[in-house]
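**Student:** Once you've had a glance at the structure underneath, I'll fire off some questions.
The values are calculated or read from the model by the stated rules, or taken from the named source; none is laboratory data. These figures come from a predicted structure and were not determined experimentally. FYI the Cβ positions are ideal-geometry reconstructions off the backbone, even for glycines, and counts take in every protein chain you see.
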Amino acid sequence: MSRNLSAGKINRNWKGILLFLLPALVLYGLFFIYPIVTVVFTSFTDWMNFKSMNFVGFKNYINLFKNPTFLKAIRNNFIWAMVLAFVQVPIALSMALVLARKPKGWKLFRTVYFLPTVISGSALAMMWKAIYNPTNGVLNAILGLFGANQGINWLGDMDTALVAVLVQQVFYFGYFMVIIFASRLGIDDTMYEAAMIDGANTWQQEIHVTLPMLKPVLVTAITLAMAYGFRHFESTYLLTGGGPNHVTETMGTFLYTKLSSAKWAEGNSIGTTIILLGGIMISVIRSLLSRERAVKARKGGAA
Amino acid sequence: MIAQNKLTVPGIIAKVFKWFFLIFFLMFMVLPLVWLIISAFKTNQEFNLKSPFSLPEVWQFVNFKNALTISNLPRMFLHSIIVAIATTALNLVVAAMSAFALSREKFRGNNLILTFLLSGVLIPIIALMVPIMKINNFLKLYDTLGALILTYTAINLPVSIFLIHGFMSTIPRELEESATIDGCTFLQRFTKIIFPLTKPGLVTAGTLVFIYCWNEFTYAMILTISEKARTIQLGIKYFQTEFFVDYTGMLAAIVITMLPTIIVYTFMHDRIISGMTAGAVKG
């Protein structure tokens, strides 16, 4: 842009600009900058209620990574991130591609698939709690129709709890579906016409035309899915509270138990871990995905 | 378009698969809700002893009446509405002001500030539980609706600024230039020209913020303790103890909390979907 023109010259509306930016900057300071700085700094202290704050070095982190519950929580966050990125996003992608071919009733399908995204997560969680209920839940009743074992305590059994919590979330793919769908509709129809003239069937068109064109939105979707995986809190908290015996614990639910017992510094060391692990994970996956893209582009250029 | 592989065997298999998944997911989205709504109309005895696939013998509207009285739902509804409306208004004004300064004015550091403001989306808010609670304590807002309004306003700024800035950048500059010649001030350019023209962008961002506020659970739990600032989503957490003896009453209460968004969505689904799409397509 022509930014260089004004460089060195002070904009004559600078007072107005400052005034207009001020509210946003103050709120960022209070709710993003100050919290991040506090989370990181106090994670090296023994800050809790009714005690003076002392610097303790890496003690909180050492305790954290020696704690089997926290290691379970990290593992579960990885599972969440992977399942959302590599199960939910692929489902969303397939449904977006199917709907983009505009089968009968595609508008209805799109609207209904997206519906759970606007319903509150807490209400949906309570609904699933009722579905999974071992004595009067509908899931056991359905299995009973097929003569399967009844009375499974889906959320209370250590073998089924994590899967039960994941399932109620992973099929709500509507959000990723609509962002992929929007990109898909942005692809020019002439590309498909050209592919058809070359004799490509629907399947080949999707693989050789659609997928390469959708790469940017898929990278976005996978990144977002990973981020959600590391931030996951709400439905686990409501469905199992991290139990039974911590099998569904996530960093978020573990942080919340520290907050509830006023162990601020320990909580903040978990917060720092969430920020760091999430950041590392996302940058690794993004660089992997973009490298693959670069390699493909080079191959494509050589061909 | 797909006529060419209609008659082949793989084509038929693909078609069967396609419709199987289309319908399977449709049922996955809808049937649990249908089961919930039907069950909410049953008596507890009926719910516990009769088949879960049967319709209620008598539709128990009384469950919904009980749900409203037992759990203090009307008051929590009011709280949620206040928080959602106030947050949306405050968030849009703050976001529009900064988006205006950044999209319509050239100055040093412009891009840097924009990048800084937009990078807020990268922060996992869940990691900041402790300090955000402390900040609200410090501001004497803990356990008030004000805590939720201010916190939600801030949390939603990155997305709102992104949407509104994107929209404002498309408004042609000539409009303002002629207005400036006519003696329009900086403030008047915002209030009289750009703000009204940004309306579609504001509606999109506002819809997202409103839905976020209505559905937010985690910070509603962290920032409040008593019923005087309890929102509807947080109220859901207490249903199990409040409806200890009235399970279907609880199901009715859950249905009531879902209804507003479902109704709004039925009328505005296209706008809501396009708004949410716009918010994500950046990477």
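**Student:** In segment A:169-185, how many residues are surrounded by fewer than 23 Cβ atoms within 10 Å (Cβ to Cβ) and more than 9 Å from every other protein chain (Cβ to nearest Cβ)?
**Tutor:** 3
**Student:** Of the residues A:Leu99, A:Leu108, which single one is of a type in the set (A, V, I, L, M, F, W, C), facing another protein chain (nearest Cβ under 9 Å) and exposed (fewer than 14 other Cβ atoms within 10 Å of the Cβ)?
**Tutor:** Values: A:Leu99 fails: exposed (fewer than 14 other Cβ atoms within 10 Å of the Cβ).
Going through A:Leu99, A:Leu108 in turn, just one is of a type in the set (A, V, I, L, M, F, W, C), facing another protein chain (nearest Cβ under 9 Å) and exposed (fewer than 14 other Cβ atoms within 10 Å of the Cβ): A:Leu108.
**Student:** State all residues of segment B:80-106 that are more than 14 Å from chain A (Cβ to nearest Cβ) and not β-branched (Val, Ile, Thr); if no residue qualifies, say none.
**Tutor:** Hit for segment B:80-106 is B:Ala86, nothing else.
**Student:** When residues of segment B:233-251 are filtered for being more than 9 Å from every other protein chain (Cβ to nearest Cβ), in a helix (DSSP H, G or I) and over 19 Å from B:Leu78 (Cβ atoms), how many remain?
**Tutor:** Total satisfying the criteria: 3.
**Student:** Output the helices (runs of 4 or more DSSP H) that fall wholly within segment B:1-77 and possess 1 or more residues being without any contact (Cβ under 8 Å) to a residue 60 or more places away in the chain and more than 30 Å from B:Ser226 (Cβ to Cβ), or say none. Step through it out loud before you land on a result.
**Tutor:** Details: elements: B:9-39, B:44-49, B:62-70.
The helices (runs of 4 or more DSSP H) meeting that bar are B:9-39, B:44-49.
**Student:** For segment B:216-232, give me the residue count where each residue is in contact (Cβ under 8 Å) with a residue 60 or more places away in the chain and either among the charged types (D, E, K, R) or touching a Lys or Arg at 6+ places or on another chain (Cβ under 8 Å) (or both). Before you say what the answer is, go through the steps one by one.
**Tutor:** Just the residues of segment B:216-232 that are in contact (Cβ under 8 Å) with a residue 60 or more places away in the chain, to begin with: B:216, B:218-220, B:222-232.
Imposing the further condition that a residue be either among the charged types (D, E, K, R) or touching a Lys or Arg at 6+ places or on another chain (Cβ under 8 Å) (or both) reduces the set to B:216, B:220, B:224, B:227-228, B:230.
Number of matching residues: 6.
**Student:** Looking only at residues in segment B:94-110 that are more than 17 Å from A:Ile10 (Cβ to Cβ) and more than 18 Å from the chain's Cα centre (by Cα), which one is modelled with the lowest pLDDT?
**Tutor:** If we filter segment B:94-110 for residues that are more than 17 Å from A:Ile10 (Cβ to Cβ), which is where we start, we get B:94-100, B:103.
Subsequent filtering for residues that are more than 18 Å from the chain's Cα centre (by Cα) retains B:94, B:96-100, B:103.
On the way: B:Val94: 97, B:Ala96: 96, B:Met97: 95, B:Ser98: 95, B:Ala99: 95, B:Phe100: 94, B:Ser103: 91.
The selected residue is B:Ser103.
**Student:** Are any residues in segment B:67-81 in contact with a Ser or Thr (Cβ under 9 Å, 6 or more places away or on another chain) and not small (Gly, Ala, Ser), and if so, which ones?
**Tutor:** Those that are in contact with a Ser or Thr (Cβ under 9 Å, 6 or more places away or on another chain) and not small (Gly, Ala, Ser): B:Leu73, B:Met76, B:Phe77, B:His79.
**Student:** Please enumerate the residues belonging to segment A:186-199 that are aliphatic (A, V, I, L, M) and within 10 Å of another protein chain (Cβ to nearest Cβ). If you could, list the steps in order and put the result at the bottom.
**Tutor:** Kept after step one, since they are aliphatic (A, V, I, L, M), are these residues of segment A:186-199: A:187, A:191, A:194-197.
Passing the criteria: only A:Met196.
**Student:** Of everything in segment B:120-139 that's modelled with pLDDT of 90 or more and surrounded by fewer than 16 Cβ atoms within 10 Å (Cβ to Cβ), which residue is farthest from the other protein chains (Cβ to nearest Cβ)?
**Tutor:** B:Asn137
**Student:** Next up: Working only within segment A:225-280, note down all residues that are more than 20 Å from the chain's Cα centre (by Cα), of a type in the set (A, V, I, L, M, F, W, C) and part of a helix (DSSP H, G or I).
**Tutor:** A:Leu259, A:Trp264, A:Ala265
**Student:** Another question about this same structure. For segment B:274-283, indicate whether the set of residues that are at the interface with another protein chain (Cβ under 8 Å from one of its Cβ atoms), closer than 28 Å to A:Val219 by Cα, free of Cβ contacts under 8 Å to residues at least 40 places away in the same chain and assigned to a helix (DSSP H, G or I) is non-empty.
**Tutor:** Among the residues of segment B:274-283, at least one is at the interface with another protein chain (Cβ under 8 Å from one of its Cβ atoms), closer than 28 Å to A:Val219 by Cα, free of Cβ contacts under 8 Å to residues at least 40 places away in the same chain and assigned to a helix (DSSP H, G or I), which makes the answer yes.
**Student:** If I go through segment A:55-84 residue by residue, how many of them are free of Cβ contacts under 8 Å to residues at least 12 places away in the same chain and either touching a strand residue (DSSP E or B) at 6+ places or on another chain (Cβ under 6 Å) or of a type in the set (A, V, I, L, M) (or both)?
**Tutor:** The total comes to 3.
Here's the yes/no breakdown for (1) free of Cβ contacts under 8 Å to residues at least 12 places away in the same chain; (2) out of contact with any helix residue (DSSP H, G or I) (no Cβ under 6 Å at 6 or more places or on another chain); (3) buried (at least 17 other Cβ atoms within 10 Å of the Cβ):
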position	(1), (2), (3)
B:Leu163	no, no, yes
B:Glu177	yes, yes, no
B:Thr180	yes, yes, no
B:Phe190	no, no, yes
B:Ala205	no, no, yes
B:Trp214	no, no, yes
B:Leu234	no, no, yes
B:Tyr238	no, yes, no
B:Thr241	yes, yes, no
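**Student:** Within segment A:1-92, which helices (runs of 4 or more DSSP H) (wholly inside it) include 1 or more residues that are facing another protein chain (nearest Cβ under 9 Å) and surrounded by fewer than 19 Cβ atoms within 10 Å (Cβ to Cβ)? Show your work before the answer.
**Tutor:** On the way: elements: A:3-6, A:14-28, A:34-42, A:59-66, A:68-83.
Ranges flagged: A:3-6, A:14-28, A:34-42.
**Student:** Something else now. Would you be able to tell me the number of residues in segment B:195-211 that are within 11 Å of another protein chain (Cβ to nearest Cβ) and modelled with pLDDT of 90 or more? So that I can check it myself, show each step before the final result.
**Tutor:** Step one: filter segment B:195-211 for residues within 11 Å of another protein chain (Cβ to nearest Cβ), giving B:207-208, B:210-211.
Filter once more, keeping what is modelled with pLDDT of 90 or more: B:210.
Final tally of qualifying residues: 1.
**Student:** Still on this structure: Name the residue that is nearest to the other protein chains (Cβ to nearest Cβ), counting only residues in segment A:119-165 that are surrounded by fewer than 17 Cβ atoms within 10 Å (Cβ to Cβ) and assigned to a helix (DSSP H, G or I).
**Tutor:** A:Ala141
One line per residue, one yes/no per condition, for (1) in contact with a Lys or Arg (Cβ under 9 Å, 6 or more places away or on another chain); (2) loosely packed, with under 12 Cβ neighbours inside 10 Å:
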position: B:Gly11; (1), (2): no, no
position: B:Ser51; (1), (2): no, yes
position: B:Ser54; (1), (2): yes, yes
position: B:Ile81; (1), (2): no, no
position: B:Asn91; (1), (2): no, no
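**Student:** Turning to a different aspect of this structure: From the list A:Phe70, A:Phe78, A:Phe58, A:Phe41, exactly one residue is under 22 Å from A:Thr250 (Cα atoms) and over 23 Å from the mean Cα position of the chain (by Cα). Which is it? Before the answer, list the steps.
**Tutor:** Details: A:Phe70 fails: over 23 Å from the mean Cα position of the chain (by Cα); A:Phe78 fails: over 23 Å from the mean Cα position of the chain (by Cα); A:Phe41 fails: under 22 Å from A:Thr250 (Cα atoms).
The unique qualifying residue is A:Phe58.
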